[in-house]
Structure formats: structure tokens, C-alpha cells
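Okay, so here's the structure we're looking at.
The values are calculated or read from the model by the stated rules, or taken from the named source; none is laboratory data. Note that the coordinates shown come from a computational prediction; the quantities given were computed from them, not determined experimentally. Please note: Cβ atoms are built from the backbone with ideal geometry, for glycine as well, and neighbour counts cover all protein chains shown. When the accessible area is computed, the model is the full protein with side chains, heavy atoms only, and any ligands, DNA or RNA have been set aside. Shrake-Rupley method; radii C 1.70, N 1.55, O 1.52, S 1.80 Å.
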Amino acid sequence: MAFAITQTCCTDASCVAACPVNCIHPTPGEADFATAEILYIDPRVCIDCGACADACPVDAIFPLESLSGPLAAYGEVNAEYYADRPTAAQRPDPAPIFHAWDPPSFDRVIPPDFPALDVAVVGSGPAGMYAVQDLLLHTSSRVTLIDRLPVPGGLVNFGVAPDHPSTKRISETFDRYRSHHRLRMRLGVEVGRDVTAEQLAASYDAVIYAVGAPTSRDLGVPGEDLPGSVGAITAVGWYNGHPDVADAALGLGGDRVVVVGNGNVALDVARILTTDPDDLAGTAISPAALARLRTSSVREVVLLGRRGPDVAAYTRPEMLALTRRDDVEVVVDDHDGLAGAIIDAGADKGGLLATAKREVLDHATPPPPGRRIVLRFSSMLEEITGTDAVDGVRVTGADGTATIPAGLVVRAIGHRGRPVPGLPFDEASGTVPHEGGRVVGASNAYVVGWIKRGPSGGIGANRADARDTVGTLLDDVVSGRLAPRRRSRDRGRVRGALRRLLARP
Ligand SMILES: Cc1cc2nc3c(=O)[nH]c(=O)nc-3n(C[C@H](O)[C@H](O)[C@H](O)COP(=O)(O)OP(=O)(O)OC[C@H]3O[C@@H](n4cnc5c(N)ncnc54)[C@H](O)[C@@H]3O)c2cc1C
Ligand SMILES: NC(=O)c1ccc[n+]([C@@H]2O[C@H](COP(=O)([O-])OP(=O)(O)OC[C@H]3O[C@@H](n4cnc5c(N)ncnc54)[C@H](OP(=O)(O)O)[C@@H]3O)[C@@H](O)[C@H]2O)c1
């Protein structure tokens, strides 16, 4: 028996550090770590000790013999990764066993007289929490964690799909730090509304912004503002009960929904809208969304990809899980023959669509009974149609123009950062300009996560990112570039005012 890593892997590499025989790869030190969709256990080396499963924060690791249903394929998926790779022992110059992940950012020696800093971390999503974790574990800093929402967690709470409960369990790891004695939490406080960046800069030795990318990208096509056209932030906020999103934000009265985009978020939305509501009951889904799904008329979700299945943005584990489901049919709309040719050549991403049903669909006719997800590749959205509300989309492809009737259009084409008043902002990338995480032009502000890198990468990618930013902050203190200020009367006054502000009910 060996273990295997499955779909919900967050790639934060906790398992790598726990494995006593170095059988989990890529490690953070290996070249393909940055692009890895999941990590893989080498069945030839695994000693079945289960240390990785114990360390996994998202319950993604199981003994092979216990894998069933959509997870059954993961034994093979893990083994495949190693098909052309020698084991560590077979390599001509075997790499040393990599027992613990301690990336270069913490190779620096923290001097014994390193001061206890007062740091504010703005944003309690994964990036903010990995930064908090590093500050609390590696320094004696006191941390004030600020979030505009009344509930911490960022996209772990309000993005991750409710049918991925094990991914949401990463919160349990973060909760440990939220109750740390050197951390104070200030929820319901928005920087830029309730407190300014200048006030924070004056009151704390350093401020780390981890504010994410909270807006949906726009398409810039006619009809985008019609009722019934929503961004992914609204759709995922709706099923996750985000306080900013109304219970009635999604109209599910039509039989077809079009989701624009081919990434994992598009797959999440398509899956939730086509899952039997009984299977969602008992998950973290918003009760209002669940009630609405019970009366939904939606039978078909069309996923529109502007490019082909060879370069789709979804990750293999997510598509694998979708194609293995028996309650939802996955159909490739081979409208122009291009997708079919790519799939026949085994060149679709992950080679998973060979078993999917393939048809040339006539969208003028209503979808058949049952629930299905249609993958329509090489289709450029030209217009969202309708007079008072959305009634469909017009798309072009190699075979000309087509109209697809739909009652709801979800734009899942990625996210975008929002400027924080008082911080610089690069309009082109939607991020805050920085050097190694230090905000350009600011004396004591730092960034981490999606507002720093842009809106891509799973939860675990924020761990290495946070280590880089916190590492820069610590270097700045050691080099004297960032001088922790001595408590002055002025600073005391600002902090007192700020404390009163942040303590507001
Ligand atoms: C829909 C969706 C589903 C996803 N599912 C998965 C998944 O299943 N697995 C996976 O590995 N990755 C998933 N990801 C990716 C993962 O969620 C991101 O990598 C991660 O959340 C980015 O972390 P962050 O801390 O930068 O941003 P966020 O998680 O967005 O956190 C930002 C926080 O800052 C707060 N904030 C924003 N502005 C202010 C302000 N002005 N003042 C105070 N607070 C503020 C917000 O309220 C929020 O809590 C998903 C992403 C999306 C969009
Ligand atoms: N289960 C999980 O692990 C999970 C779940 C959700 C999200 N995430 C992660 O979160 C990150 C964000 O995911 P995401 O799905 O929002 O973004 P994404 O992976 O960047 O995908 C965006 C999609 O939108 C398309 N697109 C962009 N602009 C477009 C336009 N103008 N017209 C039509 N299509 C357009 C892209 O097409 P092109 O490819 O042609 O550019 C792509 O298909 C990703 O790293 C993702 O893996 C992970």
C-alpha cells in the first residue's frame, strides 16, 4: 500500500516537510514546483507511514486502497508523474534527502536582539495568514490582523467551492494563529474607509497588505451590464454567503447558463449550478443559495473557452474530477471540428476528454432532461444579448457566428486588484508595485498574495510568497532600512485614536 495526493492538494508543501523518505515531489526547491497543479507521492519510495496525510492541512492524502469514485484515478496520476523520473537512490548523483522545507527566505539569521515589532496585516485570506504565521513563528512581533469583513478567511470562506470541504479545512490551520496571544483581530474594518493607510503607517512599525484581487475582470463587450450578467465574484459570493452579495443575485429561472472562461473558477460555478442540491446540503453552502438551487430550472451550463482544449486554463485534477462524475454529463460541443481533432490527438490538457461525449450542438433547441456541462472551445464572446435582461450570447469561432440562448451569463475570466487609497497602484496589472514585497515609494508598507502577484495560483502558492515578503521586511529591519520607532508621545496619541477607531462596534 502507498499513499496518493488527490484533487484538493493546496501545494503548500506541508507534506514535503513531513515525509521522512523524500518521496513527495516537486519540492519547493525543484524547478517545476512553481507550476505544479498538485504534488505527487512516488509509490516506489513511499513507506506508508502516513506522516504526509497527518500533515496535510486540506485532507488531500489517502492510502491508495481507500480511493474510490472520482478519486480512484489518483493512484495512477501520482505514479504517472514518476514514470520517467528515477528515484532519488537511482540518480547518478542522488540529491540529499530533503527533510524539512525551509526556503531561502528564512536561511537568514535573525539576530538575538531582533526587536519585537508592531505589525498590522491587512487581509485575513491565505496570503495574510501565511504572513501572520511567519511573523509569529520567527519573531516576537505583535500582530494586528485587520479585515473589512466580519468573518476572517478571505477566499477560503467566500471563494473555495462548498463541495470542496477538505480545501476549506485549511482554515483550521489558520485558526491556530488567529487565537495566538500576540495577535489581535480587528474585523469589519476597511482600510481606505474606516482607517487610512497613512494612519496605519504612522501607528505600526510595518503594515503588510494582503487585500487580494476582489473584483471580477470585465469583458468589455456590449450587454455586459444587463441584469442577468454577473461576474464570478458575485456567483461564488452568492453560493458562499458573502455579506456583500444578495441572496437573489443569481436568476436561475432559465434552462441554460453560459459561463465565460475556462479556468477552475468557471468549473466551480458550472459544477455548483449542476449539482443535485441534496448533495450540497450539509456543506458550507449558503442556505439561501441552496434553497434557490432547489427551485432552479438550470439543466445545462455552457463553458465558453476562447482557445482550444490543449491550452485550457483549468487544472487537470479539477477536470479529472468532473469527467469522473456520474450525475452530470460532460459534453464537448465540437462545433468546428477543432476540439475533436485536438482530443483525438490526445493533446487536450491532461488528455482527459477522450471519454467525454462529443456532439455538434444545436443551441436553438432547449437542453435535454438531466444535467450537463457543455465545453465549447475556440469561441470568442462578442455580445451579451437582451433588451431588459440577458437572453443569450453571440459568439464567433472558426465556423462563423452562433447565438446561444441563456438566462444567466457568468463572467469567470479572472480577477483584478482594487487600489488601496494611499498606496501606489499599477492599472495595467491591477497590483501594487513592489520590490521583493516592499511597496515602491512607501517607508514601511509591504504586499503579499494576489494584490502583489496578480490573481493566479492556489492557496499554497501564497505560503512561499509570504515568506519572501516577510523575509524582505526582516532584512529591512536588520539592515536599518526599516527602523522600528521608539514609542513617542505623538505615536502614542495616534495609536490611541486608532485603537478607539478599530474597537468601534
Ligand atoms: C472562486 C475561487 C475559488 C478558489 N478555490 C481554490 C481552491 O479550491 N483551492 C486552492 O488552492 N485555491 C483556490 N483559489 C485560489 C485562492 O483562493 C487564492 O490563492 C487566495 O485566496 C489568494 O489569497 P489572498 O490572501 O491574496 O486574497 P484573499 O483570499 O482574497 O484575501 C483578501 C482579504 O483581504 C480583505 N480585504 C480586502 N480589501 C481590504 C481592505 N481595504 N481593508 C481590509 N481588508 C480588506 C478581504 O476581505 C479578504 O479577507 C480560489 C480562488 C477563487 C477566486
Ligand atoms: N480547485 C482549485 O484548486 C481552484 C479553484 C478555483 C480557482 N483556483 C485558482 O485560482 C486562480 C484564478 O482562477 P480563475 O479561473 O479565476 O482564473 P484563470 O485560471 O486565470 O482563468 C481565466 C479564464 O478566463 C479566460 N479569459 C480571460 N480573459 C478572457 C476574455 N477576455 N474573453 C474570454 N475568456 C477570457 C482565460 O482564457 P485564456 O486561457 O485564453 O487566457 C481562462 O480560461 C487560478 O490559479 C486557479 O487555479 C484554484
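Judged by the mean number of other Cβ atoms found within 10 Å, the most tightly packed of the peptides 116-126, 359-369 leads the ranking 116-126, 359-369.
Over the chain, accessible surface divided per residue gives 42 Å², non-protein components excluded, 1.4 Å probe. With a Förster radius of 35 Å applied to the beta-carbon distance between T87 and R418, the computed FRET efficiency rounds to 0.15. Normalised by 2.2 N^0.38 Å, where N counts its residues, the alpha-carbon radius of gyration of the chain equals 1.03.
Computed from the Cβ-Cβ distance with R0 of 22 Å, the FRET efficiency linking V151 to E198 stands at 0.20. For region 347-358, putting each phi into the Karplus relation 6.51 cos²θ - 1.76 cosθ + 1.60 with θ = phi - 60° gives couplings of 9, 5, 4, x, x, 9, 8, 4, 8, 6, 5, 10 Hz, in residue order, rounded to whole numbers and with x for Gly and Pro.
Once neighbouring chains are kept in place and the probe is 1.4 Å, which whole percent of the accessible area of the chain is contributed by carbon and sulfur?
Details: 11120 of 21220 Å².
Result for the chain: 52 percent of the exposed heavy-atom area is carbon or sulfur.
Database remark: amide H of L408 closer than 5 angstrom to the amide H of V258 (H placed geometrically; neighbours at sequence offset of 5 or more, or on other chains; Pro and chain starts carry no H).
Annotation: amide H-H contacts under 5 Å for Y209 (H modelled 1.01 Å from N, sequence separation of 5 or more, or interchain): V122, Y446, V447, V448. Here the 3J(HN,Hα) profile of region 55-68, calculated from phi with Karplus coefficients 6.51, -1.76 and 1.60 at θ = phi - 60°, is 7, 5, x, 10, 6, 9, 10, 9, x, 3, 5, 8, 7, 9 Hz, Gly and Pro shown as x. Quotient of the Cα radius of gyration of region 206-304 and 2.2 N^0.38 Å, N being its number of residues: 1.14. Within the same chain, lysines fewer than 8 places from K357 are excluded, and of the rest, those with a Cα less than 20 Å from its Cα are K349.
State whether region 218-411 is rounded, prolate or oblate according to the following rule on the C-alpha gyration tensor (a ≥ b ≥ c being the square roots of its eigenvalues): a/c under 1.5 gives rounded; otherwise a/b larger than b/c gives prolate, and the remaining case gives oblate.
Values: a/c = 1.71, a/b = 1.24, b/c = 1.38.
Oblate, since a/c reaches 1.5 and b/c is not below a/b.
Based on the alpha-carbon gyration tensor of region 3-90 and its eigenvalue square roots a ≥ b ≥ c, which shape applies: rounded if a/c is under 1.5, prolate if not and a/b is larger than b/c, or oblate?
Details: a/c = 1.29, a/b = 1.19, b/c = 1.08.
Taking the square roots of the gyration eigenvalues as a ≥ b ≥ c, region 3-90 is rounded.
Note on E359 and D255: their simple-model spin labels are 1.1 nm apart, each label 7 Å out from Cα toward Cβ. The distance linking region 114-170 with region 433-461 is 15 Å (Cα centroid to Cα centroid, whole angstrom).
Please give the charge dipole size of region 3-90, origin at the Cα centre, charges +1 on K and R Cβ atoms and -1 on D and E Cβ atoms. Round to the nearest 20 debye.
120
Residues V332, V221, V478, sorted by accessible area with the largest first, give V478, V221, V332 [1.4 Å probe; ligands and nucleic acids excluded].
Please give the FRET efficiency for D326 paired with A116, using the beta carbon to beta carbon distance and R0 = 56 Å, rounded to the nearest 0.05. Provide the component values of the computation, followed by the final result.
Numbers: r = 56 Å, r/R0 = 1.01.
My answer for the efficiency is 0.50.
Subtracting the Cα-Cα distance of A34 and R307 from 0.36 nm times their residue separation leaves 95.9 nm of extension gain.
Let me have the 222 nm mean residue ellipticity of the chain computed from DSSP H runs of 4+ only, each contributing -39500 (n - 2.57), with the sum over all residues rounded to the nearest 500. List each step's numbers first, then the result.
Working: 17 runs with 139 residues, N = 505.
Result for the chain, helices only: -7500 deg cm²/dmol.
Would you mind calculating the gained length between M185 and A72 on full extension (0.36 nm times residue separation, minus the Cα-Cα distance), in nm to one decimal? Length gained, M185 through A72: 36.5 nm. Amide H contacts for G417 (H built 1.01 Å from N in the peptide plane; partners 5 or more residues away or on another chain; cut-off under 5 Å): none found. Computed with every protein chain present, the accessible area of M185 is close to 60 Å² [probe 1.4 Å]. Gain on full extension, evaluated as 0.36 nm per residue between D276 and D59 minus their Cα-Cα distance, stands at 75.8 nm.
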